[in-house]
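Below is one structure; the comments refer to it alone.
What follows is calculated from the coordinates using simple rules that are stated; it is not laboratory data. Since this is a predicted model, take the numbers as computed values, not measurements. For neighbour counting, all protein chains shown are included, and Cβ atoms are generated from backbone atoms with ideal geometry for every residue, glycine included.
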């Protein structure tokens with residue numbers, strides 16, 4: 001239950017903003033923070049949405065925190081306002097997958113955040129503190145035609161020595177196939193015998209992908225990638241953040257998580273969410 005923690009949470013925000021340049025009062029808390037990895041800190045921040053634990057607020061730099069969720073105000077104050085408006089019963093948050101790439105941590109999570117949601121969160125760290133956050137959320141939907149959900153599937157990270165090679169493979173796939181429409185290269189990047197799909201509307205395999213594209217074409221719908229913004233990876237998992245158009249042509253953010261084996265894509269999860277018009281933004285940082 002979050003509500004008992006909300007006044008304390010907002011109090012912490014006020015203290016952080018007023019004493020950002022002072023040393024921490026608690027040496028033991030500093031030591032605990034130093035012992036955690038950036039991945040552990042990011043997971044703790046997400047899970048605090050449910051637990052109400054105020055400790056993870058200390059993992060965020062109050063002087064530099066940049067927010068890219070366009071429905072949330074900038075800085076810790078914006079985060080605090082979200083917490084202050086928690087619904088009866090509070091939020092729910094469960095991290096399914098967690099990855100780290102240099103100064104970035106990216107998470108795949110299941111939420112009850114003003115309704116059941118699937119989401120990706122990306123955090124950027126400086127000197128062990130979170131200074132920037134991006135995310136993409138969509139409503140939880142029924143299993144897809146192959147019976148797969150938005151969350152199930154492997155979570156184990158392997159092939160750490162192949163991280164950079166896998167990131168390059170995915171970058172090439174997005175740029176050549178999705179941006180440049182070089183569809184003849186599809187099987188260069190996707191293993192057609194093993195390809196598992198978690199998009200709620202698409203079945204496994206290239207046949208499922210083809211059927212989805214046919215449906216879009218026949219109904220005057222679009223799925224167009226126009227720019228690749230970020231490629232982040234750890235071992236056999238790679239996340240991309242892209243923008244484009246979807247459905248009737250809405251400006252859209254595409255977050256795609258890929259699992260690779262032997263240099264090819266064998267599994268895919270995504271969150272496809274419209275980018276709101278600028279008149280509705282609660283910060284000026286942009287989606288990407």
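I need to check one value: relative contact order of the stretch 101-162, counting alpha carbon pairs closer than 8 Å and at least 6 residues apart, in percent.
24
On a 0 to 90° scale, report how tilted helix 6-18 is relative to the longest principal axis of the chain, with both axes built from alpha carbons and the result rounded to the nearest 10.
It works out to around 80 degrees.
Could you give the spread of the C-alpha atoms of the chain along their three principal axes, from largest to smallest, in whole angstroms?
60, 42, 32 Å, listed from the longest principal axis down.
Neighbour counts of other C-beta atoms within 10 Å: give me 254, 104 arranged from fewest to most.
Lowest to highest Cβ neighbour count: 104, 254.
Helix 75-84 against the longest principal axis of the chain: what's the angle in degrees, Cα atoms only, rounded to the nearest 10?
With both axes taken from Cα atoms, the answer is about 90 degrees.
Per DSSP H run of at least 4 residues, take -39500 (n - 2.57); add these up for the chain, divide by its residues and hand me the 222 nm value, nearest 500 deg cm²/dmol.
Details: 7 runs with 74 residues, N = 288.
Here the helix-only value at 222 nm equals -7500 deg cm²/dmol.
Using r as the Cβ-Cβ distance of residue 285 and residue 215, and R0 as 35 Å, what FRET efficiency do you calculate, to the nearest 0.05?
So, using R0 = 35 Å, E works out to roughly 0.50.
List the residues of the stretch 214-245 whose backbone N lies under 17 Å from a point placed 7 Å from the Cα of residue 171 along the Cα-to-Cβ direction.
227-243
To the nearest 10 degrees, how steeply does helix 38-51 sit against the main Cα axis of the chain, on a 0 to 90 scale?
On a 0 to 90 degree scale, this one is about 80.
Could you state the number of Å between the C-alpha centres of the stretch 94-121 and the stretch 232-281?
First find each Cα centre; the distance between them is then 13 Å.
Using a 10 angstrom cutoff on alpha carbons, build the Gaussian network for the chain and name the most mobile of 114, 258, 173.
Maximum among the listed residues: 114.
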